[in-house]
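Engineer: This is the structure I have questions about; it appears just below.
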Amino acid sequence: MKIEPKVRGFICTSAHPVGCKQRVVQQIDYVKSQPKLSSNIKNVLVIGASTGYGLATRIVSSFGLGAKTIGVFFEREATEKRTASPGWYNSAAFEQAAKEAGIYARSFCGDAFSSGVKKQVIEAIKQDFAGKVDLIVYSLAAPRRTDHEGNTYQSALKPIGKTYDDKTVDTMTGVVSNVEITPATTDEIVGTEKVMGGEDWALWIEDLIQADVLAEGALSLAYSYIGPKMTYPIYREGTIGVAKEHLEKTAIELNAKMQKAVRGRALVSVNKALVTQASSAIPVVPLYISILYKVMEEEGMQEGCIEQMQRLFAENICSADTKLDDKQRIRMDDWELKAEVQKEVADAWGKVVTENLEQLSDIEGCRKEFYQLFGFQVDGVDYNADVDINVPIPSIVGEEVC
C-alpha cells in the first residue's frame, strides 16, 4: 500500500517503514564515519530503545563499540488497518542491520515499568550476556505508568503555582500565538514525578543488583533536560522539572548503591533540545527549538540525536575523564546553553511573530524533522511506491509482543 502522513496535533498516526529504515541507516552510516570508539563495554541494556536518544544510544553502542545490545520498548506492530508505530520500524531496521553486521541484538516489546519485563530482561542477560551487563541506559518518555503495585499515574505538562502565559507555535501551520496554561494540581505533580522521575530507574537497578548481573564497574545513565531560563516556568520549574529533580536525586542514591555493589556509577546526562515526539507535545518548546536550530546551524554547532550520542560516548562514556558539573551531571547541553547562543535565541524570541517566523527560526527544518520521526520526507525514499507495512523484528518473532 501507499502510506501518507496522518497528523493530529503533535502526533502522526501513520509511519512509513522504508523511511524509518532509511533514517536508521543514515544514523548507522554516521557512526561508521566517526573515529572508532574504544571501551571495555561489551554488553548494553537500553530501556526506551526505539526512538530518539535511546535508539541513537543503541546504534552507537553496536556500530561504534561493537557491543551486544538488549533494547526494551513499548511499540505497536502493524495490523490490517494501520501501520506499525515508527519505533517498531526503527527497531526492525536496527536489528536487521545488526544481524548483517554480525552484532548481537535482542528486543523486548512490552511495558518497561512492569516487573514481568524486568524479569525477562534479566533472564536474557544471564543467558546471552554471560550473566553481566556493562552499561544500562534509561531513556523512557511515557505519558503514564502503572507501577508494580498496580497503581496508574498520568504525567502532566503544566506550570506550578501560577498560570503560564507566553508564545508558542503550531509547527504544522507556522502560526505563532499565546498559550495560557493553568497550574498543576497536587495529583498532577505527584503523577508526573511517578511517571518521569527516577523511581522506575531505581527499581531496574535494584533488580539488576539483586540478580547479580551488573558487571564490575558497570555504568548506568538516565537522560534528562534542563533548558534555558525562558522555558523554566513550563519545564524546569513545572511538573516535568519536579520529575527531573527527582531523577537527579535518584542518580546520587543509585551511584552510592552501584559503587557498593560493583564499584559502578549512576549518572544523569543532560542532553540538548531536539524535535522528538515528547518535545513536540510541550507548549512553548517547539518555538524555542525552531529558533535554537537556526542559531546553532548558523554557528556550526547543530546536533541531532546521533551526533549527541556519538559525542556523549566519545567524550564521557568511553573516556577516563568523565566531565561532570557541580551536581555530578554530564552536560551534553553545553553547546545549546552557550551565552552567545542563548542571547541570539532570546533576541529572536522577543521579536518573533507569525509573519517573521521563517526569517527568525528554522520552522521548516523542524517541521521536516517532525515528519522524519515517522519516516516521511526522508531523502532517497519513493513515497509513491507500494510498501509492505508488516515488518518483523527478528528477535521477537514468535514471542508475545505489545
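The values are calculated or read from the model by the stated rules, or taken from the named source; none is laboratory data. Bear in mind that the values here come from a model prediction, so they are computed numbers and not experimental data. As a convention, Cβ positions derive from the backbone with ideal geometry for all residues, glycine included, and neighbour counts pool all protein chains shown.
Engineer: Which condition number does residue 24 fail, the rest of (1) buried (at least 22 other Cβ atoms within 10 Å of the Cβ); (2) β-branched (Val, Ile, Thr); (3) in contact with a Phe, Trp or Tyr (Cβ under 8 Å, 6 or more places away or on another chain); (4) more than 29 Å from residue 169 (Cβ to Cβ) being met?
Structural biologist: Every listed condition holds for residue 24 apart from (4).
Engineer: Quick check on my filter: what residues within the stretch 339-383 are closer than 18 Å to residue 25 by Cβ, within 26 Å of the chain's Cα centre (by Cα) and aromatic (Phe, Trp, Tyr)?
Structural biologist: Matches in the stretch 339-383: 371, 374, 376.
Engineer: Let me ask something else about it. Does residue 346 fit the bill of being among the small types (Gly, Ala, Ser), surrounded by fewer than 17 Cβ atoms within 10 Å (Cβ to Cβ), in contact (Cβ under 8 Å) with a residue 40 or more places away in the chain and over 15 Å from residue 272 (Cβ atoms)?
Structural biologist: Numbers: among the small types (Gly, Ala, Ser): yes; surrounded by fewer than 17 Cβ atoms within 10 Å (Cβ to Cβ): yes; in contact (Cβ under 8 Å) with a residue 40 or more places away in the chain: yes; over 15 Å from residue 272 (Cβ atoms): yes.
Judged against the criteria, residue 346 is a match.
Engineer: Same structure again: Starting from the stretch 354-380, keep only residues that are assigned to a loop (DSSP other than H, G, I, E, B), then list their pairs with residues that are among the hydrophobic types (A, V, I, L, M, F, W, C) and buried (at least 18 other Cβ atoms within 10 Å of the Cβ) whose Cβ atoms are within a distance under 6 Å, requiring at least 6 positions of separation or different chains.
Structural biologist: 361/291; 374/12; 374/15; 375/15; 375/20
Engineer: Another question, then. Suppose the filter is within 20 Å of residue 214 (Cβ to Cβ) and over 16 Å from the mean Cα position of the chain (by Cα); does residue 121 pass it? Full working, then the answer.
Structural biologist: Details: within 20 Å of residue 214 (Cβ to Cβ): yes; over 16 Å from the mean Cα position of the chain (by Cα): yes.
So residue 121 fits the description; yes.
Engineer: Can you tell me which of 174, 161, 191, 198 is closer than 24 Å to residue 71 by Cα and among the small types (Gly, Ala, Ser)? Before the answer, list the steps.
Structural biologist: Details: 174 fails: closer than 24 Å to residue 71 by Cα; 161 fails: closer than 24 Å to residue 71 by Cα; 191 fails: closer than 24 Å to residue 71 by Cα.
Going through 174, 161, 191, 198 in turn, just one is closer than 24 Å to residue 71 by Cα and among the small types (Gly, Ala, Ser): 198.
Engineer: With respect to residue 50, determine if the residue is in a loop (DSSP other than H, G, I, E, B), at pLDDT 95 or above and on the phi < 0 side of the Ramachandran plot.
Structural biologist: Working: in a loop (DSSP other than H, G, I, E, B): yes; at pLDDT 95 or above: yes; on the phi < 0 side of the Ramachandran plot: yes.
It is true that residue 50 is in a loop (DSSP other than H, G, I, E, B), at pLDDT 95 or above and on the phi < 0 side of the Ramachandran plot.
Engineer: Which condition does residue 119 not pass, out of (1) within 28 Å of residue 193 (Cα to Cα); (2) crowded, with 16+ Cβ neighbours inside 10 Å; (3) charged (D, E, K, R), if it passes all the others?
Structural biologist: Result: residue 119 fails condition (2) only.
This table checks each residue for (1) surrounded by fewer than 20 Cβ atoms within 10 Å (Cβ to Cβ); (2) among the small types (Gly, Ala, Ser); (3) in contact (Cβ under 8 Å) with a residue 12 or more places away in the chain; (4) within 28 Å of residue 10 (Cα to Cα).
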| residue | (1), (2), (3), (4) |
| --- | --- |
| 210 | yes, no, no, no |
| 225 | no, no, yes, yes |
| 240 | no, no, yes, yes |
| 251 | no, yes, yes, no |
| 270 | no, no, yes, yes |
| 273 | no, yes, yes, yes |
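Engineer: Still on this structure: For the subset of the stretch 40-62 comprising residues that are in contact with a Lys or Arg (Cβ under 9 Å, 6 or more places away or on another chain) and not hydrophobic (A, V, I, L, M, F, W, C), which member is nearest to residue 141 (Cα to Cα)?
Structural biologist: Residues of the stretch 40-62 in contact with a Lys or Arg (Cβ under 9 Å, 6 or more places away or on another chain): 42-44, 46, 49-50, 61-62.
Subsequent filtering for residues that are not hydrophobic (A, V, I, L, M, F, W, C) retains 42-43, 50, 61-62.
Numbers: 42: 26, 43: 23, 50: 11, 61: 20, 62: 22 Å.
Filtering first and then ranking leaves 50.
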